[in-house]
Amino acid sequence: MTFGVALNHPATKQRNWQPIVQEFVKELGDNQVVCRKEELLVYECDGLTSYRQRPAVVVLPRTTEEVAAAVKICDRNQVPFVTRGAGTGLSGGALPIEDSVLIVTACMRQILDIDYDNQRVVVQPGVINNWVTQAVSGAGFYYAPDPSSQSVCSIGGNIAENSGGVHCLKYGVTTNHVLGLKLVLPNGDIVEVGGMPELPGYDLTGVFVGSEGTLGIATEITLRILKSPESAQTLLADFNNVEAAGKSVSDIISAGIIPAGMEMMDNFSINAVEEVVALDCYPRDATAILLVEVDGSPADVEASAQKVQEIMRQNGARQVTIATTPEKRLRLWKGRKAAFAAMGKLSPDYYVQDGVIPRAQLPHVLNEIEALGKKYGYRIANVFHAGDGNLHPLILYNNAVPGQLETVETLGGEILKLCVDAGGSISGEHGIGADKRCYMPQMFTPADLDTMQWVRQAINTQGLANPTKLFPTPKTCGEAAVTPIKQFDTVERF
Ligand SMILES: Cc1cc2nc3c(=O)[nH]c(=O)nc-3n(C[C@H](O)[C@H](O)[C@H](O)COP(=O)(O)OP(=O)(O)OC[C@H]3O[C@@H](n4cnc5c(N)ncnc54)[C@H](O)[C@@H]3O)c2cc1C
């Protein structure tokens with residue numbers, strides 16, 4: 001193992017990394033420790049590519065024990081660490097911080113147990129989301145949370161972000177499908193939480209899900225799997241105006257129908273997808289399309305599809321197409337799942353926001369977003385989980401033009417404020433990470449933030465696990481940070 005190149009970068013000047021790297025090599029072996037400058041480059045950002053920071057060292061454990069050994073080395077040497085799954089996060093959660101160790105779960109990719117009788121699987125955190133469904137589909141089961149990134153994102157990342165997806169409207173987001181966790185705490189201790197259906201005491205599984213790597217590392221995850229629905233139909237409706245599509249969403253839910261998924265795309269997104277995936281199934285002249293999937297018993301599906309169709313037509317849908325076979329349904333969904341990636345066709349860069357609003361506010365908020373786009377002079381594409389009111393405005397810009405990123409971030413902040421003012425939230429599924437920590441005081445009172453910080457500090461006592469993420473600090477957010485608890489000093493150091 002040579003350290004020369006890696007140890008020259010600025011972060012490493014503050015600390016003598018050589019003995020620390022030797023400790024990692026001793027515990028994990030030479031080929032599970034990365035510290036060459038050019039190799040570290042791969043890990044300098046997640047899906048939020050506008051933030052970049054090279055870690056000092058990357059370690060690639062294979063087992064819970066190796067994770068615990070790596071964390072203990074960090075704890076002993078007072079080194080901050082950041083966990084990374086597949087690095088597809090969109091809020092900078094897996095962004096390394098200066099002078100830190102990145103613990104990457106990419107070598108922890110085993111499905112450890114499948115228990116059909118109890119409808120559960122146990123996986124390592126680096127397992128890719130859709131591998132779970134692939135592993136159990138032959139027996140008629142599936143894993144419900146399906147982020148659009150499901151072919152690349154890891155279950156560990158899904159747990160940490162409490163990820164959502166197209167089919168989470170009816171079945172719930174990740175937290176509703178996690179039964180138990182084996183965790184390595186920030187001091188290196190190994191604990192197990194959950195695991196049984198009804199456990200007395202605190203719901204520590206619930207506390208960990210969505211904690212964005214600030215409470216330790218999940219190393220074994222017990223997931224609930226569901227029986228595949230007997231029948232499903234997907235309806236595609238196109239509209240001349242966004243209000244009509246938005247009203248259809250509220251009317252469908254008000255009619256007592258909970259679709260498995262209900263997604264909306266605007267004209268920008270439709271055309272981007274048609275250019276890239278060449279599906280030839282989304283009408284390019286539509287102002288908005290709605291994709292609605294209903295599932296269940298054949299009789300229920302037939303009745304629900306009929307009712308959904310009626311509601312959409314009453315609201316002015318121009319055409320409604322119904323896909324009943326798995327192949328045709330997949331074809332309709334393919335465009336939606338490729339929508340973010342397709343934006344590359346329209347613009348060199350895009351900044352994706354992730355806010356939530358009450359469903360009934362959809363038409364009003366979408367109009368306001370359009371007005372904000374005009375005010376700032378940027379195109380904004382909208383593709384989102386309409387049924388959950390989870391918006392994903394994609395602001396198109398060019399990072400090569402000085403000043404555009406800053407303006408786009410300000411515009412993104414205004415969109416989040418709009419969501420909060422409408423009674424919603426600053427994140428539906430992408431998490432807070434480094435990107436949105438300064439907006440936390442817009443949603444939470446100082447007492448709310450205090451309570452969350454007490455939990456963080458009780459478990460992450462030295463502040464070494466993913467410091468600076470999730471919460472505002474004076475160093476990262478200036479006056480936006482409300483930091484009434486004195487014990488922040490450990491977090492503040494980084
Ligand atoms: C094209 C595209 C589409 C997307 N669509 C969706 C979508 O539909 N729904 C959605 O919710 N998200 C979506 N995302 C965002 C992203 O894929 C999810 O947040 C995903 O859960 C991140 O998983 P990851 O393995 O890439 O995690 P990473 O990005 O590596 O990490 C994310 C966070 O999890 C922490 N972490 C990772 N592993 C562990 C672990 N084992 N223990 C503790 N903490 C850990 C990290 O520290 C970080 O804070 C999309 C992203 C892209 C690029």
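Observations
- Net +/- balance of residues flanking residue 173 in space, Cβ distance below 14 Å, scoring K and R +1, D and E -1: -3
- Gain on full stretching of the segment that runs from residue 253 to residue 405 - 0.36 nm per residue minus C-alpha separation: 51.0 nm
- Volume per residue of the C-alpha convex hull in the chain, rounded to whole Å³: 150
- Of the residues 388, 117, ranked by 1.4 Å probe accessible area with the largest first, the sequence reads 117, 388.
- Taking only protein heavy atoms and a 1.4 Å probe, the accessible area of the chain is 51% carbon and sulfur.
- Residue 331 contributes an accessible area of around 120 Å² to the protein surface, as traced by a 1.4 Å probe with all chains present.
- Lys/Arg +1, Asp/Glu -1 at C-beta; the chain dipole; positive extreme among 14, 385, 49: 14
- DSSP-defined beta bridges in segment 4-104 - what % are antiparallel, rounded to 5: 20
- For segment 203-269, the C-alpha radius of gyration divided by 2.2 N^0.38 Å, with N the number of residues, is 1.71.
- Full-stretch length increase - residue 112, residue 376 - with 0.36 nm per residue and alpha-carbon distance subtracted: 90.0 nm
- The coefficient of translational diffusion for segment 4-104, derived via Stokes-Einstein from the alpha carbon Kirkwood radius under 37 °C and 0.692 mPa s, stands at 245 µm²/s.
- Environment charge at residue 394 (Cβ cut-off 11 Å; Lys +1, Arg +1, Asp -1, Glu -1): -2
- Helix 446-459 axis, angle to the chain major axis (alpha carbon atoms, nearest 10°): 50
- Debye log10 I(q)/I(0) for segment 111-227, one point scatterer per Cα, at q = 0.10, 0.12, 0.16, 0.18 Å⁻¹: -0.26, -0.38, -0.68, -0.87
- Förster-model FRET efficiency, 45 Å R0, residue 190 and residue 367, C-beta, rounded to 0.05: 0.30
- Using the Karplus relation 6.51 cos²θ - 1.76 cosθ + 1.60 with θ = phi - 60°, the per-residue 3J(HN,Hα) values for segment 411-421 come to 4, x, x, 5, 5, 5, 4, 4, 5, 5, 4 Hz, with x marking Gly and Pro.
- Within the shell of other residues whose beta carbon sits under 13 angstrom from the beta carbon of residue 444, the net charge comes to 0, with Lys and Arg scored +1 and Asp and Glu -1.
- 0 to 90° range, to nearest 10: angle between helix 242-254 axis and the chain longest Cα axis: 90
- Taken about its Cα centre, segment 4-104 carries a charge dipole of about 180 debye when Lys and Arg each add +1 at the Cβ and Asp and Glu each add -1 at the Cβ.
- FRET efficiency for the pair residue 227 and residue 341, taken as 1/(1 + (r/R0)^6) with r the Cβ-Cβ distance and R0 = 35 Å, rounds to 0.65.
- Across all Cα pairs in segment 185-312, the calculated P(r) in 5 Å bins from zero up to the longest distance comes to 2, 9, 14, 13, 10, 10, 12, 12, 10, 7, 3, 0 percent per bin.
- Placing +1 on the Cβ of every Lys and Arg and -1 on the Cβ of every Asp and Glu, with nothing else charged, gives the chain a dipole about its Cα centre of roughly 660 debye.
- Here is how the number arises for the chain: DSSP H runs of 4 or more residues each give -39500 (n - 2.57), the sum is divided by the residue count, and the result at 222 nm is -10000 deg cm²/dmol.
- Accessible surface area normalised per residue over segment 231-341 is 40 Å², counting heavy atoms of protein chains with a 1.4 Å rolling probe.
- Cross-link pairs 170/337; 26/469; 247/307; 345/469; 72/436; 374/417 - those with Cα-Cα distance over 22 Å: 26/469; 345/469; 72/436
- Gained length - residue 38 relative to residue 284, 0.36 nm times residue gap less alpha-carbon distance: 84.2 nm
- 1.4 Å probe accessible area per residue over segment 111-227, in Å²: 39
- Ranked order, 454, 131, 333 - accessible area, probe 1.4 Å, largest first: 454, 131, 333
The values are calculated or read from the model by the stated rules, or taken from the named source; none is laboratory data. Source: prediction; values computed, not measured. Glycine also receives a Cβ, built like all others from the backbone with ideal geometry; neighbour counts cover every protein chain displayed. When the accessible area is computed, the model is the full protein with side chains, heavy atoms only, and any ligands, DNA or RNA have been set aside. Shrake-Rupley method; radii C 1.70, N 1.55, O 1.52, S 1.80 Å.
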